[in-house]
Structures are given as C-alpha cells and as structure tokens.
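The structure appears below as structure tokens.
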Amino acid sequence: MEIDIKKTASHRRRTKIIATLGPGTDDPVVMENLIKAGVDVFRVNMSHGSESDQEKRVNLVREAARKAHWQVALLVDLQGPKIRVEKFENGGVTLSPGDRFTLDAENPFKPGDQTRVGVSYQGLPGDVNPGDILLLDDGLISMQVQSIEGGQVHCLVENGGILKNRKGINLQGGGLSISGLAEHDLPHIKLAARLGADYVAVSFVSCADDIHRARALLRESGSEAALVAKIERIEAINNLEEICDATDAIMVARGDLGVEIGDEELPGLQKRIIRTAIRHNRIVATATQMMQSMVENPIPTRAEVLDVANAVLDGTDAVMLSAETAVGKHPVKVIESMNRICLGAERHFESEGDVRQLNVRFERIDQAIAMAAMFMATNVSVKAIVALTESGSTAQWLSRVQSSVPIYAFSTNATSRRRMAMYRDVFPVKQESASDDANLVISEAIRTLLAHGAVSENDRIIVTMGDRMRNSGGTNTLRFIKLDSEGRSRYGV
C-alpha cells in the first residue's frame, strides 16, 4: 500500500500541511522525518535556488516518500513579477526618516548608493503619482512619492531602516500594472512539467486571464498540473469570483497582500477568501509567517498557535510553512507543532452539515452523487466515505462540505492520489485491484480499511463509484453498506 491507513485513522488530521523545500530540508534523514511528522505537500519556491538545486530536492522528496509509503504532492511556486530594488554597491544602505531617495527605472543596473537604487520594473514611474506611499521590504520601510522625472521616482523616506539588495516594492492600496506571469517564469513552467509537479502556483494574479495564460503554457509544456492562484494583490480581491472560476485552487498569500491592504484588513479578508473558494468548490491554502518564530525557536508563540487554529476553523484545506522549513533551525519540530495545533483545532471544529455549501448546478453526475453522499453522511451515522475515483474529482466535491466523516479515496492513478493529498478530509489510498468488477474492488477496499483499523465490524459506510471502473469522471453510483468482519456488506443500497 502507498499509505499507512492506520496512522491516518488514528491521527485523523483533516487539514493538510505544506512545507517549503530549502537548505533546511536537504538532509535525507530530515526529509524522511518531515514526511513521518506529517507533511502532505512539498513546495518548491522558484524565487530561490537554481534549477539544479530544485531538481535535487524534488528527487529527495520522491525517494523519501517512496520509502515511507506515503502520498506526497509537489507544488511548484512561480516567482511572478514581484517588483524589487536592484543591487547596492555595498549590499545595502541605512535610510532615515526625511531622507531623499530615488527609485531609478532609467538606470536599473547601476549599483545603488545612499541616494538612489535601480528598479527593473520599467512601468513604475507610470504607475505612481505624487503623494503615493511605496512600501519596501514587506512594509518595513516606507517612502512617499514626491515627483516623477522620466524614469526616476523621487521619494521622501517616512519610516527608515536598512534597505538591502533585491527587496520588494509594493504600492500601498495597490494599482501596479503588472501581470501574473513574468519572463523568468516561462522556463520555470517547463521545469515544473519536467519535475512532474502536481500543483503550480501563479504569483501576483490580478485576473482570470493570468490563470488562463498559465494553464495554456503549462499544457503546452506537457503538464496536467492543477493551478493555484495566489491572492496577494488588491486587484485579485476585486476579481476574486472570476479568479475562483478560472483556477483549481486558491492560496491566501498574506505577505504582499497584508502590505498592500494594511494589516488591520487582513483577518477579515482571509476569512472572505476562504469562504469564497469553498463556495466555488476550490481547494484553498493559507500561507505566510504562520509559525515564523520557529525559524529560530523550538516552540511557537501563542499568537502563532491561534493563527494556525483560526485558519483551520475557517475551513482552509491546507496551512503552509515557508522559511520555517526551508531555512529554519527546527524543520521537523515545526511540522510536529503544526500537526498538533491542527488536530487540536479540529477537535473544536463544528461541522456545519449543510450540503448547500456544495455549489452544484448538477452539470456533472459525480457532483450530484457527491451531494447525495454528503447529505446522507450528515444525516445518518456513518464511519467513513469510500470514494472509488480515477480522477479524484468526486473526492474533491465530497470534501467541499464540512463534515466529521473521513473520506478514503481509492484510486489506481498515482497522479490523482498525489493531487488529493491537499484536499481537506481526504485520505488517498492506492487501489491495488485494476479489476472492472465493482463488487470485487469494493470488497478489497473494505478489507483494507478493516485491516488497518479505519473501520470495524457493524460500521456503516458510504461508497461512491462508477459502474464502469477506471473511467475518469464516471462516478454515478452510491451505496450504503453495513460491514461484517470479512468485509462483506450486510445490507446496502
């Protein structure tokens, strides 16, 4: 088997954990321990490291997952068109309130000094006006635009600090006219295809067209990876509905988003984004500085515990770690801590039991079957839902309704099983039999769950399946089964 069902059943952690690869995960022993501690998805951050480095890390993930017999998904996170200052002659400068400082798009690669630094984004002078506030280094430094002369933006420093090479620039309130893909993303899309990525995240999405373009480029490269739209710009908030329609998954990327909109608006927007994604039947992940103190410290702060727990209670599918695992001192401990926090929050999670959450127009039969299964699961006592699925779409529809019933998704398709590793409440399992005999496949699935303690004699379960096995998108049947000790059904419909 490619999953330890007994571990899954005993832990029963419904929220998935995404960990970012980096120097902190390069030790094979650390990698194996990360998977054992509970990582479901590994993120490749294309903003850092060479292609060769990333390929080595992905190979390490695949090997460790194989040894652990665990379903682990791979998410390639594109850098996107983040606006940054270029390099300083001495690596950085110290700016004080009242200093005059110029952001220079005319001479972007001329080394910076105490009065100016290059900016590679040629559109900056046209996007700003006198009086605008520019936020640098995630808002740690702020400066007001005084005037624009040609390609130079002259500013007055309001909040000072040390400005180093390649730090980001945001316009308070949004409004920078950049698209969701940059030229440097194009070879990374091809790399994602070569690596066999299960998900590809598009940074700085502003509208649905950014997702459509990324999907076309990804398909041209031979990849069927799912698209993740990172919501980190005000423009994306304004176009959230159309972005949800276009994408496969949403990421609440709180770093740049918080800088643009202000920290005070972030908690409410996080909840709105998660609700909107679920309403559109999309997977949703919450990211950025969730356990930031554990980059250095072996335990999280109480504020971080509450932050992770609140995301779980909001209904997020996954919570993500960035620097905490990529460069942190305690990568395994941070996964163990996040695992405990998720489990603790889930014990207090109230299932809404409302199938109206599943926004279905019955365009597909598998959607109707999923709604029927969740209606039954929330009104009749059942131990588990068994989804026999080729593509994983039925498991996704099932997981959009908040319920305490675990979903065991059996599939012969390894790609589908990895993708389902990011679905809340879904535990992907390798379907050993490739038989077209539905009754045989159901019996084998039940025996597997019985053998690993996921279900017991006399338990009632729901099975969703297609009458033509191994037919993608063909789920059209629901059965209600009571088990005996041999995995046979005592009654069913």
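The values are calculated or read from the model by the stated rules, or taken from the named source; none is laboratory data. Note that the coordinates shown come from a computational prediction; the quantities given were computed from them, not determined experimentally. FYI the Cβ positions are ideal-geometry reconstructions off the backbone, even for glycines, and counts take in every protein chain you see. Side chains included, ligands, DNA and RNA excluded: accessible areas come from the protein's heavy atoms. Shrake-Rupley method; radii C 1.70, N 1.55, O 1.52, S 1.80 Å.
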Those residues of segment 38-57 which are part of a helix (DSSP H, G or I) and open to solvent by less than 20 Å² (accessible area, probe 1.4 Å) amount to Q54
Name the residues in segment 28-37 that are open to solvent by 30 Å² or more (accessible area, probe 1.4 Å) and either among the basic types (K, R) or in contact with a Leu (Cβ under 9 Å, 6 or more places away or on another chain) (or both), would you?
P28, K36
Residue selected from segment 289-327 under the condition open to solvent by 10 Å² or more (accessible area, probe 1.4 Å) and acidic (D, E), by the criterion farthest from I250 (Cα to Cα):
E296
Could you list, in sequence order, all residues of segment 453-466 that are closer than 17 Å to V405 by Cα and either buried (at least 16 other Cβ atoms within 10 Å of the Cβ) or modelled with pLDDT of 95 or more (or both)?
A454, V455, D459, R460, I461, I462, V463, T464
For residues in segment 238-259 being not in a helix (DSSP H, G or I) and not aliphatic (A, V, I, L, M), which is least open to solvent (accessible area, probe 1.4 Å)?
T247
Which condition breaks for M469 when tested against (1) modelled with pLDDT of 95 or more; (2) farther than 29 Å from D314 by Cα; (3) not aromatic (F, W, Y)?
(1)
From A414, A434, residue being at pLDDT 90 or above, over 21 Å from A373 (Cα atoms) and exposed (fewer than 15 other Cβ atoms within 10 Å of the Cβ):
A414
Take the conditions over 23 Å from D40 (Cα atoms) and open to solvent by less than 30 Å² (accessible area, probe 1.4 Å) and apply them to L181. Does it pass?
yes
Only one residue in V76, V58, V85 is in contact (Cβ under 8 Å) with a residue 12 or more places away in the chain and closer than 30 Å to Q114 by Cα. Which one?
V85
From G262, G222, which residue is closer than 21 Å to H184 by Cα and either open to solvent by 20 Å² or more (accessible area, probe 1.4 Å) or over 18 Å from the mean Cα position of the chain (by Cα) (or both)?
G222
Candidate set: segment 139-178, residues that are surrounded by fewer than 16 Cβ atoms within 10 Å (Cβ to Cβ) and among the hydroxyl-bearing types (S, T, Y); chosen: the one modelled with the highest pLDDT:
S147
Can you find even one residue in segment 58-77 that is in a loop (DSSP other than H, G, I, E, B), open to solvent by less than 30 Å² (accessible area, probe 1.4 Å), modelled with pLDDT of 95 or more and not basic (K, R)?
yes
Being assigned to a helix (DSSP H, G or I), modelled with pLDDT of 95 or more and of a type in the set (G, A, S) narrows A214, A197 down to just A214
Can you name the residue in segment 383-398 that is assigned to a helix (DSSP H, G or I) and open to solvent by less than 10 Å² (accessible area, probe 1.4 Å) and, of all such residues, is farthest from V455 (Cα to Cα)?
T394
Might you check whether a residue that is closer than 19 Å to A73 by Cβ, at pLDDT 95 or above, assigned to a helix (DSSP H, G or I) and touching a Cys at 6+ places or on another chain (Cβ under 9 Å) occurs anywhere in segment 260-279?
yes
